[in-house]
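First up is the structure itself, then whatever we jot down about it.
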Amino acid sequence: MDLHRHLTGSLPRTTLREVLEVVAPAIAQDTELVTPTCKDTTPASQQQAWDILTKQCHAVKVAGEDLSNFQRLVGGAIDELARDNVFYCEFRVGVKAQPTKKQFLDDLTHIIKQKHKEHPHVHVRILCSVARHGDVEYGAENVQVAIDDFTAHKGESVVVGIELGGVVTKGRWKDFEPLFLEARRNGLKTALHCGENHEDESEVWQMLDFHPGRLGHCVFFREKAMAKLQELRIPVETCLTCHERCFCTPIQDNVFSKLRHTDQVLLCTDNPSFYDVTLSEEYSLCCKHHSLTVAQLFALARRGIDFAFCPEQLKATLRADFDAQARKLVARFGL
């Protein structure tokens with residue numbers, strides 16, 4: 001299960017470079033960039049990480065402008081899910097006017113459904129992104145496209161929710177909150193990037209009051225906010241490698257350590273291609289730095305099903321598949 005994974009940061013780097021060497025050779029080398037571990041939480045250090053992310057995202061944008069290349073890249077991202085045994089993933093996607101936002105979402109849906117035929121054990125769903133560094137009107141268009149697709153397909157849409165992301169120092173959550181309330185009224189689930197700004201805790205409390213379906217990161221939560229988070233039982237998507245590289249948080253000090261006893265935290269990758277990490281490797285790091293037993297590891301992996309935004313019928317299927325695979329592992333290795 002990977003419930004916090006941006007599509008832009010999940011495209012196979014080798015395929016991305018092959019595409020760019022044809023369509024934009026001058027920036028093909030940017031596909032080799034890997035976000036380094038930051039040195040401190042100063043604005044200069046975080047700006048360096050953001051500058052690298054900007055280059056990475058621009059390379060992806062240029063590579064995916066042609067539909068055939070877009071299909072190849074997204075298909076490759078789903079192939080990598082299959083190779084890593086990720087049986088359910090919610091990709092976060094900034095809907096683009098390519099040529100229209102509806103057509104972009106239709107094209108993405110087609111790719112996902114075609115790939116499901118090839119990998120029937122891999123289920124991919126979409127959270128449409130609202131970028132807080134963009135204007136509210138643009139974000140409203142993304143939300144409306146998500147609502148239209150979700151309501152038109154009556155439970156069959158690959159769109160299951162919306163999420164707030166983007167540059168944490170830009171924009172205000174309160175300006176975008178009405179869009180998320182409208183999405184919720186129309187049956188979509190909501191997830192928010194939260195607690196990424198160590199200098200401002202006010203939005204943390206505003207987001208807790210909104211009570212979204214899940215919160216992402218929660219890196220800079222002070223004691224009272226952490227206590228409230230646990231009281232509300234809001235699931236938290238933590239990304240060990242991302243937090244180490246972008247927020248200077250050692251893996252042993254990750255928010256996972258504060259929430260593991262509550263059973264409301266799950267492991268995710270965020271931008272696996274940008275950080276050169278897989279979900280399996282994130283679990284390995286968690287075992288190493290947080291001393292998980294085999295039983296705890298299985299429970300952690302299975303817990304993500306509870307937090308997914310898909311319908312209960314699919315959750316039941318995922319649990320049955322997970323339990324079957326777990327039994328095979330137990331028998332194979334004598335656990």
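Each reported figure results from applying straightforward, stated rules to the coordinates on display, with no laboratory input. Small disclaimer: the values here were computed from a predicted structure and weren't measured. As a convention, Cβ positions derive from the backbone with ideal geometry for all residues, glycine included, and neighbour counts pool all protein chains shown.
Overview of values
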quantity: Given 16 as the ceiling on other Cβ atoms within 10 Å, longest exposed-site-free region of the chain for trypsin sites (Lys or Arg not before Pro) in DSSP loops; calculated: 40-153
quantity: Cβ-defined net charge surrounding residue 306, 12 Å radius [Lys, Arg +1; Asp, Glu -1]; calculated: +4
quantity: With 10 Å bins from 0: P(r) over the range 2-328, alpha-carbon pairs, percent; calculated: 5, 27, 38, 25, 5, 0
quantity: Label point distance in nm, residue 186-residue 327, each placed 7 Å from Cα along Cα→Cβ; calculated: 4.2
quantity: At q = 0.13, 0.19, 0.22, 0.24 Å⁻¹, base-10 log of I(q)/I(0) for the range 176-277 (Debye sum, equal scatterers on each alpha carbon); calculated: -0.46, -0.96, -1.21, -1.35
quantity: Kyte-Doolittle mean at least -1.0, axial Cα span of 27 Å or more - DSSP H helices of the chain; calculated: 43-63, 312-333
quantity: Estimated inter-spin distance, residue 170 and residue 291, nm [label 7 Å along Cα→Cβ]; calculated: 4.4
quantity: Fully extended contour minus Cα-Cα distance, from residue 156 to residue 319, at 0.36 nm per residue; calculated: 56.7 nm
quantity: Which of 262, 238 has the fewest Cβ neighbours within 10 Å, and the rest in rising order; calculated: 262, 238
quantity: Over the chain, relative contact order from alpha-carbon pairs under 8 Å, at least 6 apart, %; calculated: 19
quantity: Eligible lysines near residue 328 by straight Cα distance, threshold 23 Å, same-chain separation 8 or greater; calculated: 315
quantity: Likely footprinting exposure, 198, 243, 133, fewest C-beta neighbours within 10 Å first; calculated: 133, 198, 243
quantity: Cut-off 17 Å (backbone N to label point 7 Å along Cα→Cβ of residue 252), residues of the range 205-243; calculated: 240-241
quantity: Using alpha carbons only: equivalent-ellipsoid semi-axes of the range 61-102, gyration tensor based, whole Å; calculated: 22, 13, 7
quantity: Pairwise label distance in nanometres, residue 284 with residue 29, each label 7 Å out on the Cα-Cβ vector; calculated: 3.0
quantity: Net charge over other residues, Cβ less than 11 angstrom from the Cβ of residue 36 (K, R count +1; D, E count -1); calculated: 0
